[in-house]
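Following: one structure in structure tokens, then a few remarks.
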Protein chains: 2
Amino acid sequence: MAAFQSPKGTRDFYPDQMALRRHVENIWRKASVDCGFDEIEGPTFEHLSLFTAKSGPGIVSELFSFRRAGGSDDYALRPEFTPTLARMAAARAGTLSVPTKWFAIPLHFRAERPQRGRLREFVQWTVDLLGSQGAAADCEVIACAVLALERLGLKPTDVRFRMAHRGASAAVLTAAGVADEHIGDAFELLDRRDKLPPEEFQSRAVKLGLDDSAQKRFAAIAGTKLPVSASMNEVAASLGVGADVLAPLAELSEKLCALGLSDWCQWDFGIVRGLAYYTGTVFEVHECAGRDRAIAGGGRYDGLVELFGGPKMPAIGFGMGDVVLGLVLADKGLLPHDGSQLLPRPDVFLISDGSDLAERELPQLLMRIRRAGMHARHSWKSTKNIGKLLSEAGKHRARIALIVGAELAEGAVVIKDLENGGQRIVPLADAVETLSAMSSAMMRA
Amino acid sequence: MAAFQSPKGTRDFYPDQMALRRHVENIWRKASVDCGFDEIEGPTFEHLSLFTAKSGPGIVSELFSFRRAGGSDDYALRPEFTPTLARMAAARAGTLSVPTKWFAIPLHFRAERPQRGRLREFVQWTVDLLGSQGAAADCEVIACAVLALERLGLKPTDVRFRMAHRGASAAVLTAAGVADEHIGDAFELLDRRDKLPPEEFQSRAVKLGLDDSAQKRFAAIAGTKLPVSASMNEVAASLGVGADVLAPLAELSEKLCALGLSDWCQWDFGIVRGLAYYTGTVFEVHECAGRDRAIAGGGRYDGLVELFGGPKMPAIGFGMGDVVLGLVLADKGLLPHDGSQLLPRPDVFLISDGSDLAERELPQLLMRIRRAGMHARHSWKSTKNIGKLLSEAGKHRARIALIVGAELAEGAVVIKDLENGGQRIVPLADAVETLSAMSSAMMRA
């Protein structure tokens, strides 16, 4: 019987859970469209080499990979969307508009041990802007993320964009005593510092040529958090560098403030984003108290499209998964406990009094109401007790009841507004039009 | 470079192609909701044994199957949704409403050779009604399929539901001389008759105990097509049986006619639906001229939930994939050649005249307009020529242009209706509200 359960780390979405998932996805999609991004999608599995080309062979153990029986190609379920997006951009680079603004809301897969905030199958929203360099492009994708988070009910006091810039961080590390050839290793140490035992941190720091005082400075940099509205002189002073090396941050700060997004963002020089392909701005969205993993993460990857055979094409984007976000929203009471409240309500519940005339009329009326674009249900019970059927209509959360009863002999039916209790008798021929007008008005209200 | 292409039999959906896919999916979803079905979803991959339990070990070669590195469970990408749905129904059988009406629009996978109408990854709409026996339930799912096909622009002269009933067909085969113990094999022969060489067909028929005259009768049954509105006496006479054995068809005929769906449907005694688990009504939707594979297929599977550890639970459902449907719609000119026509149009295109004042105002206005739920874009070009920018707004298919120019010195902006060319000057403070009212009115028009 164990085989007839869902695989470990995956989810069954019953209607109430699906309604919650669609609620989040619809907010993601609307925010993307409002910000002028176009939806795309790619294959659920890709050639394994697409992922190893980007992330190295180390990623294979985190993937679900396979071959077709009798086939020779190695495939893997996608763990992230960026390689697919970069492959697609490379293939059509000559005909894409500039900038190209794409979003996607596909399923993703990781073969890791499931734990809080991490499943083996999850939905992830990705938003990318290709073909434009500079802070305006960075801010366009950040604004889109903020718009979605706001619509989900989150505030700048709930979640924070922790931001850095690879170029500025490299200059800060150089000033702290890291030699040029060790910058990559220093980023890795910065990224993994909280996961390493103190001894290993120290031995790695020594390998980077950092003496005791440089290690202290390194730790201070890693812990530096400042408002993005702070003056660059202030930021530079905190980090012990000249303001000139922070030019990329100055441009970002100006644009974020101009858009009114500075409350959502802070500089965090501990942010690296482990993935080696980021080239400029990097950011993660975290719950302010720092619980759980990142809600979202992204950054600039100006070299990736070229890596996949395309031209040089600057790009910035982020991914936001549904699992950590769902935990944060639930913690803050921003999702209904019962997702079934989010299910679409029936416009009309059809009731027959059981007479032959009514029973003959009901199927045709049902089709006409549905053809007119209304959500219509009817009872599957054998009772013809109109009181019981009205109560069933209420359980379905229907807005209107259409009662086909004794009035049918005079060519009329009863329409009952289940929200205010009012009812009226209308000619059968006008029933669908009347229902349509009522339900449109109720939807707008 | 070959590795950086999408895997064989899968698709990249660029924005225009994605718009076409969403167009079809949205019609599927709306039809499902209008007919009172609730959306569900399950894992993209399941335990391999879920699929072999239902379809036998023969299905393995048609699946993409895999293990996690270091894991011992065999998984497979789902080739169909019914096993997942039956597993989910079995797990919650005690708490489900009666009937349970579910739909899903997930991705599916087949490891077969890609060909016209068949890909390795495809979208499939499934609609199922569980917990109710009889023709009313069968017709509820058929009505839902018809509603979607109508909204896609198809007519009864374009596509046809070819229907049969396993019980009635078994009685007809018995009357034609098939012994009870050979009914299963006779169904298989009926199902595969067009794929077998004549000699093999004949040798199998002989094994079923059919002599020459019985073989002719068998072929005549396989070729029998009649309107579902035909009288049962007429149907019985065509098949050489008594009308009493066709009782399930009589009930179906009555309900289909009552719903006004009889034009869409015909009896076709050659329809079996190879899958062994069907128990009653079976149907396939085909293009009327018979080109291409089935657009949809389904039937009653009253034993499947029990097979997966649930109680006895009658069930009827169908699946409709996007690939054959897309070919049929394209053949009939029912999809725009250029899917980009289906992309959401921007409500507002923001234009600045390049003055410092305008450039400062633009980002905040952009955020305010988007926060108000409008789709807003702006130019990424360096030009500040308002004529060129208006022409860019047109290329984006924007409905309205908001021009932030010289009027800003007096605290005003220009709003230009790009559909009728009219323009007016409004106070900056009223701009978002004015745009909102205009775009709502334009959307309704």
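Only the coordinates and a few stated rules stand behind these numbers; no lab work does. Note that this is a predicted model, so its numbers are computed, not measured. Reconstructed Cβ throughout: ideal geometry from the backbone, glycine too, with neighbour counts over all protein chains shown.
Quick look at the values:
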read-out: Between 0 and 90°, nearest 10: helix B:386-395 axis offset from chain B longest Cα axis; value: 10
read-out: Column: log10 I(q)/I(0), Debye, Cα scatterers of segment A:298-407, q = 0.24 Å⁻¹; value: -1.24
read-out: Dmax and Rg, reported as Rg then Dmax, of the protein assembly as shown (C-alpha, Å); value: 30.9, 100
read-out: Fraction of beta bridges assigned by DSSP in the protein assembly as shown that are antiparallel (%, nearest 5); value: 80
read-out: Simple Cβ-charge dipole of segment B:1-132, Lys/Arg +1 and Asp/Glu -1, about Cα centre, in debye nearest 20; value: 280
read-out: Translational diffusion of segment B:237-319, µm² s⁻¹ [Kirkwood Rh, Cα pairs; Stokes-Einstein; 20 °C; 1.002 mPa s]; value: 146
read-out: Cβ-isolated cysteines (cut-off 4.7 Å), the protein assembly as shown; value: A:CYS139, A:CYS257, A:CYS265, A:CYS288, B:CYS139, B:CYS257, B:CYS265, B:CYS288
read-out: Only Lys, Arg (+1) and Asp, Glu (-1) charged, at Cβ; segment A:344-444 dipole about Cα centre in debye; value: 520
read-out: Residue-averaged 222 nm ellipticity for chain B, from DSSP H runs of 4+ at -39500 (n - 2.57), nearest 500; value: -11500 deg cm²/dmol
read-out: Identity and axial distance of the chain B residue whose Cβ lies nearest the axis relating B to A, Å; value: B:PHE66, 2
read-out: Cβ charges +1 (Lys, Arg) and -1 (Asp, Glu), total dipole of the protein assembly as shown, debye; value: 240
read-out: Among B:ILE221, B:LEU335, B:THR281 - extreme Cα towards positive end, dipole of chain B, charges at beta-carbon; value: B:LEU335
read-out: Principal-axis tilt of helix B:322-331 within chain B, Cα atoms, nearest 10 degrees; value: 80
read-out: Cα centroid separation, segment B:36-102 to segment A:223-255 (Å); value: 53
read-out: Inter-copy label distances at B:SER97 (7 Å, Cα→Cβ; nm, one decimal); value: 4.2
read-out: Value of Rg to Rh for segment A:2-331 (Rh from inverse mean 1/r over Cα pairs, i.e. Kirkwood); value: 0.96
read-out: Among A:GLY290, A:MET367, B:ALA441 - extreme Cα towards positive end, dipole of the protein assembly as shown, charges at beta-carbon; value: A:GLY290
read-out: Given charges at Cβ of Lys, Arg, Asp, Glu: segment A:15-60 dipole, positive-most of A:LEU20, A:HIS47, A:PRO57; value: A:PRO57
read-out: GluC sites (Glu not before Pro) lying in DSSP loop within segment A:108-190, provided at most 11 other Cβ fall within 10 Å; value: none
read-out: Inter-copy label distances at B:LEU390 (7 Å, Cα→Cβ; nm, one decimal); value: 6.0
read-out: Antiparallel bridge percentage (DSSP; both residues within chain B; nearest 5); value: 80
read-out: Cα-based helix-to-principal-axis angle, A:82-91 vs chain A, degrees rounded to 10; value: 90
read-out: Kirkwood Rh, angstrom, segment A:344-444 [1 / mean 1/r, Cα pairs]; value: 13.2
read-out: Cα-based Rg / Dmax (Å) for segment B:1-122; value: 16.8, 54
read-out: Convex hull volume of segment A:142-293 per residue (C-alpha atoms, cubic angstrom); value: 112
read-out: Computed over chain A: relative contact order in percent, which uses C-alpha pairs under 8 Å that are six or more apart; value: 16
